[in-house]
Amino acid sequence: MSQLPEDLTRLADHFGIALEFRDWKHRSLEISQASVIAVLGALGVDASTPESRVAAFTELTDARWRRTLPPCTVVELGNGVSVNAHVPAGTRVEVWLELETGGRRDAHQIDNWEPDRMVDGQQRGQATFFLGHDLPLGYHRLLATGDEGTHEATVVVTPPHVGFPAAMGEARTWGYATQLYSVVSEKSWGVGDLADLADLIAFSGAEQGAGHVLINPLHAAEPTPPMEPSPYLPASRRFMNPLYIRPESIPEFTSLGRHDRSSVRRLRKQLRPVDGQARVIDRDGAWKVKQEALRLIHRAGRRPARQLALEHFVRREGQALQDFATWCALAVEFGNDWREWPAEYQEVGSPAVLEYAAVHAEEVSFHTWLQWVSGQQVSAAQTVAEEVGMPVGVMTDLAVGVSRSSAETWAMPDLFADGVTVGAPPDDYNQSGQDWGQPPWRPDKLEEVAYAPFREMVAAAMRRAGGVRIDHIIGLFRLWWVPEGLGPRHGTYVRNNHEALIGILSLEAHRAQALVVGEDLGTVEPWVRQYLSRRGILGTSVLWFENDHGRPLDAHRWREYCLASVTTHDLPPTLGYLAGDHVHLRDSLDLLTEPLQEELDAARAEQSGWLNKLVDEGVLDADLREDPEEVMLALHRYLLLTPSRVLLASLGDAVGERRTQNQPGTIDEYPNWRVPLADATGRAVTLEEIFEAELPKRLAAVMNDAEGL
């Protein structure tokens, strides 16, 4: 039971702010009053005194009664839909629904015994209207007309269950997971790109029997150096990073004059080829050169049909694309952090911004064109997946949020909470907690705009892919908010409307016929996984984390509705994990809270348990326990013993890589998200070499359960 004042707990309950939580050791911990007050402040509520708290709660209640209709109602298909309308007491109101596909549904009033309420010196009444049980899937307009005019809201009807795409049938599928920027070919521009993705898909689908390729988020980064290396801290989650464009794959490249084509080729040759010891990936250097080539191709223009397609794209993406492209143009001139721009450019709709966009129309056009080309090259990769028979194909990744200096915080500042960032409470793998530096969406403001930014974001992610992974899907239920100055240990959970967010995600997945995977690792309330399973959204199972009171979890007890893998991008590939590289790395970075030897002993004990399990299950010969490569293959064989329908193998494991892509809790102490793909010796590996290597063939045979064929 919380010891906080009742008026404070009432406000916290209104906004879904947790007053206590259960940590990774299953201890119940109370949230401090200072943390709750700080989080309420981030939501625009002054909770510093008893008087301000009473006034704030009264205003919140009055605001709900002032509104004629709730801004957004989200329901599952087949459930009854009813809404409350607020009007001056004693007056009449008519309520009806205009369906997304056309047609009208009239609502009829049902009993509501809520007393009238005095608001702003006027008595207001509440009436309840029933819209029926048989509304079709979609986004529908709810309207109410009465003495105060006509008011509009949104009703969203969502599918109860997503499940597997029809192309999968009843079969299991497996695929590779990789960080695309790390996978370079002989024709890459210093960074793995979308043409490399298409080639990897062709190889893994046609030659290895894979059904999908999971890649890192392709979200937009800053348009000018320095670029944020983490794909999970983007400038926009709706738009894409043009760093992944292959210039020579743009149709207009072939129509360039000889001189311009030669210029593009000379630009690529400025970038050092991949050979020898793998160096840290230089995004800034690669983008500087590639952008010059892209500008040259953009200036060349397009044939009429291509220009019409581009214009259609711009119309479809609407104001959001215009705002993003304008932000890019401004960032090129004034720097990537809009908070440091001249004051007149810090507000998206200001006269100065509008004038800037008009004067610099060509630059804005360039950035809209980059988005169009990026989308086309992702679509081309997905087309290759379909041609080689992949049931899923490209599986994109959706990050938790955006950076504080992002295009989205500039374009939609009212949607983001001020003075807080999101992260994670302390856990076994990061015992100081985490602050990811991302401002959260305000749940109340997101509802006011009928979740439109979320809908547009997930629709864009699925438009060109066969599946999507939702990083930290628990964030759609609750997020750990960290008030500035207090640190992640002193944050608290704030609940989101998961029925609305998961419902909209399900509707967009249904329309796109996309597979949806939720990364549900870490501290998770048990009911959340049950809810996701009921909605047909896969969870995530990583072998090293699957245990039963310290013992490896029996294969038959794994989930059917999950994406099962041996490792993840926050751990070293399997060869590195078996060598204890993750423990030594955390020790070198002062991230351990226990002595090094104790941590190494714990890691060896964990691995010994799994080695025994592999031998007992007959997937590893006891004589091969000391052979890391054979153990890696056996761990993947174990995945096939589970009922999990979707399996994942790391491309790093396929080439013998040992280094992790990301070490949580660090920024520049370790080259996170800048590690190129390499073999066990640290030698850089090209895509062409993967096609010919023996280990990928052996791993694919394991995943296809075809070693004896």
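Note on the chain: antiparallel DSSP beta bridges, both residues inside, total approximately 60 percent of the bridges counted.
Against the chain, whose longest principal axis comes from its Cα atoms, helix 452-463 is set at around 30 degrees.
Note on the chain: dipole from Cβ charges, positive end direction compared against LEU571, ALA465, PRO88; the farthest Cα belongs to ALA465.
Looking at segment 160-217, the GluC sites (Glu not before Pro) that sit in a DSSP loop and have at most 15 other Cβ atoms within 10 Å of their own Cβ are GLU170, GLU186.
Counting Lys and Arg as +1 and Asp and Glu as -1 over every other residue whose Cβ lies under 9 Å from the Cβ of ARG469, the net charge comes to -3. For the peptides 45-52, 695-702, residues were scored by their other Cβ atoms within 10 Å and the scores averaged per peptide; the highest-first order is 695-702, 45-52. Taking label positions 7 Å along the Cα-Cβ direction at both GLU484 and ARG683, the computed distance is 5.1 nm, reported to one decimal.
Between TYR531 and GLU386, the modelled labels are 3.5 nm apart [label points 7 Å from Cα along Cα→Cβ].
Using C-alpha pairs below 8 Å separated by at least 6 residues, the relative contact order for segment 312-460 is 19 percent.
Between the helical axis of 361-387 and the longest alpha-carbon principal axis of the chain there is an angle of about 60 degrees. Put a plus charge on the Cβ of each Lys and Arg, a minus charge on the Cβ of each Asp and Glu, and nothing anywhere else: the dipole of segment 405-477 about its Cα centre is then about 420 debye.
Taking every alpha-carbon pair under 8 Å whose residues sit at least 6 apart, the chain reaches a relative contact order of 16 percent.
Dipole check for the chain: with +1 at the C-beta of Lys and Arg, -1 at the C-beta of Asp and Glu, and the Cα centre as origin, the magnitude is about 1820 Debye. For PRO439, the shell of other residues with beta-carbons less than 14 Å away shows a net charge of -1, using +1 for Lys and Arg and -1 for Asp and Glu. In the chain, a dipole from Cβ-located charges (positive for Lys and Arg, negative for Asp and Glu) runs towards its positive end, and of ILE215, LEU194, TYR493 it is LEU194 whose Cα lies farthest in that direction.
Given R0 = 30 Å, the distance between the Cβ atoms of SER588 and ASP623 translates into a calculated FRET efficiency of 0.35. The stretch between ARG10 and LEU641 holds 222.2 nm of extra length on full extension. This uses 0.36 nm per residue minus the Cα-Cα distance. A crude spin-label estimate for the pair ASP120 and GLU692, with each label 7 Å from Cα along the Cβ direction, gives 7.5 nm. Taking the average, over residues, of other Cβ atoms within 10 Å as the packing measure, peptides 131-140, 173-182 rank 173-182, 131-140 from highest down.
If you take every residue apart from PHE57 with its C-beta less than 13 Å away from the C-beta of PHE57, what net charge results, scoring Lys and Arg +1 and Asp and Glu -1? For residues surrounding PHE57, the net value is -4. Computed from phi, the 3J(HN,Hα) profile of segment 672-680 under the Karplus parametrisation 6.51, -1.76, 1.60 (θ = phi - 60°) reads 4, 6, 10, 9, x, 5, 9, 8, 5 Hz, with x in place of Gly and Pro.
For a modelled paramagnetic label at ASP616, 7 Å from Cα along Cα-to-Cβ, the residues of segment 636-676 in reach, with backbone nitrogen under 17 Å, are 638-639, 641-642.
Only helical runs count toward this figure. For the chain, summing -39,500 (n - 2.57) over DSSP H runs of n ≥ 4 and dividing by all residues gives -11500 deg cm²/dmol at 222 nm.
The order of the peptides 615-625, 304-314 by mean Cβ neighbours within 10 Å, most packed first, is 615-625, 304-314. Centre-to-centre separation between the Cα atoms of segment 1-61 and those of segment 361-409: 40 Å. Put a plus charge on the Cβ of each Lys and Arg, a minus charge on the Cβ of each Asp and Glu, and nothing anywhere else: the dipole of segment 575-687 about its Cα centre is then about 520 debye. Shown for the chain: lysine pairs separated by 8 or more places, or found on different chains, whose C-alpha atoms are under 28 Å apart, numbering 8. The calculated FRET efficiency for GLU606 paired with HIS259, based on their beta-carbon distance and R0 = 60 Å, is about 0.50. Between ILE110 and GLN597, the C-beta separation translates, for a Förster distance of 56 Å, into a calculated FRET efficiency of about 0.25.
Rule-based calculations on the coordinates, nothing more; no lab input. Keep in mind it's a predicted model, so treat the numbers as computed, not measured. No Cβ is skipped: glycine too gets one built from the backbone with ideal geometry, and neighbour counts run over all protein chains shown.
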